Amino acid sequence: MTDFSDAFAAALGLVLGLDSSLTEIVGLSLRVSLTAVAIAALIGLPVGAAIALFRFRGRFFIVVCVNALMGMPPVVVGLIVYLLLSRAGPFGVFGLLFTPTAMIVAQVLLVTPIIAALTRQVIEDLWIEYEEQLRSLGAGPGRAVPALLWDGRFTLITAILAGFGRASAEVGAVMIVGGNIDHVTRVMTTSIALEVSKGNLALALGLGMILLVLSASINAGAYLIQHSTKRWHA
Amino acid sequence: MTAPSDDPRILPLELDDVCFEAGGNRLIKDVTLRLEPGLKTVIIGPNGAGKSLFLRLCHGLLRPTQGSVRWQQETGAGRHQAMVFQRPVMLRRSVAANIKYALKLHQVPRRHRADIIDRVLHQTGLKRLADQPARVLSIGEQQKLALARAWALEPQVLFLDEPTASLDPAATHSVEEIIAAIHDAGTRIIMTTHDLGQARRIADEVIFINRGRILEAAPAGRFFEAPENDLAQAFVRGELLWWNKGQDNRKQGLPPKEGEG
């Protein structure tokens, strides 16, 4: 139990004291994960909607692949991005390895399949309801995509949140491609891993609590948005 | 308000030997028919007769597996038709935005949209609900909105698939009034119903369908006074149409008809 009380004390101390290295770590974590989720949403929402609405050869294969990619281990994604970005790799010339950009790239790869797969499900269900009406009004699948994404907006928030949960919680990918370099690529999950291995459990727990609170706040915000707009999607 | 006169007229609509099959069953059989401009046609028949399928084939939501469905003016015919479904499909937006979206799909210039929305909401009595989310409206109001949305497009032909099937008498009455107003404004009405009273109130012309086949098409007066087909006679008398599968005799004791049963 002392670990927990020490952790609380450490966490409170860090937060109340606005510890500069802590704010740097939290800021970078949020910047990396939110950017990755934003990019993944820009890709995953239209791709998921397209898979839902269009019938083409190999569609079944793509649906299975996207669903399977939802469960891809972060360390594997990290390793792949590492190989691609390392000096000897195809994108080595950009010198991106061990930078926040590399971490964003890895998280985009992790999050996009989650958003795409959940979007496909949401849009497919909406299309079942809307298809005849929209086709009657003159909108085939192509023209229906923006309308369906807009009408599914409240449910799609959940898909984006699931993506954010994945991005903010994973440690394997950002550790491999970022390297957990102090003041450069250190984020909350990698510092927790580091503090644990150093035996600094109180600090690790303190960071963990901050991570939990941040994650809970973002989820609570999204829930409130959904709740206050419930009558629109009754 | 009238349907735009400068656009080419898409009617008459000709169905030539139309069949529709699904899952190995022939659900619409050998339908040959010509629908002229002007009238209100009501398609009646028992549940499962193929009324809704017939409308969807006419509207182009389904393709016939055999035969052809041809408008006099094929190019752009889709733009001049609209359909209202049994269960109104409301987008998750405001009442006004539901109409706006339809106008946008029909490429109605932005500057005209507000006026059209205002007019059709006024005509359907939904003006005060313009900013409400469409999906919280009562089912009757939703159906009126579906009519307003269709009316906003000023279609030459409006298909209605049992538009009052789930409505109470008061809502049914206002929906029928709106349908009459849309017709008066110059739109051809083609609707299905299994409600004989409604068919009597609305129809200029009746098409009686049973088991996927048109058994009789006649002016409303003649159809209700003296239908020629035996099943149509039974239907107009308010008798129930059914028969035992595998037996060739109908419950009413009516003689079996060739190709039926």
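The values are calculated or read from the model by the stated rules, or taken from the named source; none is laboratory data. Here the structure is a predicted model, which means the values were calculated and not measured. No Cβ is skipped: glycine too gets one built from the backbone with ideal geometry, and neighbour counts run over all protein chains shown.
Descriptive notes on the structure:
- Condition met for B:Leu145 (part of a strand (DSSP E or B), under 30 Å from B:Asp7 (Cα atoms) and within 14 Å of chain A (Cβ to nearest Cβ)): no
- Residues in the stretch B:152-164 that are within 19 Å of B:Thr192 (Cβ to Cβ) and either under 12 Å from the mean Cα position of the chain (by Cα) or in a helix (DSSP H, G or I) (or both): B:Val157, B:Leu158, B:Phe159, B:Leu160, B:Asp161, B:Glu162, B:Pro163, B:Thr164.
- Within the stretch A:176-234, the residues that satisfy the criterion of being of a type outside the set (Lys, Arg), within 14 Å of chain B (Cβ to nearest Cβ) and in contact with a helix residue (DSSP H, G or I) (Cβ under 8 Å, 6 or more places away or on another chain) are A:Gln226, A:Thr229, A:Trp232, A:His233, A:Ala234.
- For B:Leu137: the one exception among (1) more than 14 Å from chain A (Cβ to nearest Cβ); (2) farther than 21 Å from B:Arg201 by Cα; (3) not polar (S, T, N, Q): (1)
- Any hit, the stretch A:139-146, residues being facing chain B (nearest Cβ under 9 Å), in contact with a strand residue (DSSP E or B) (Cβ under 6 Å, 6 or more places away or on another chain) and at pLDDT 90 or above: no
- Qualifying residue in the stretch A:144-159 (condition: of a type in the set (Asp, Glu) and closer than 30 Å to A:Leu79 by Cβ): no
- Checked against (1) more than 10 Å from chain A (Cβ to nearest Cβ); (2) surrounded by fewer than 18 Cβ atoms within 10 Å (Cβ to Cβ); (3) of a type in the set (A, V, I, L, M, F, W, C), B:Val157 passes all but a single condition, namely (2).
- Only one of the listed residues (B:Arg26, B:Arg34, B:Arg56, B:Arg93) is of a type in the set (D, E, K, R) and touching an Asp or Glu at 6+ places or on another chain (Cβ under 6 Å). That residue is B:Arg34.
- Residue ranges of strands (runs of 3 or more DSSP E) in the stretch B:11-124 with at least 1 members in contact with a Lys or Arg (Cβ under 7 Å, 6 or more places away or on another chain) and within 27 Å of B:Leu240 (Cα to Cα): B:13-22, B:25-35, B:40-44
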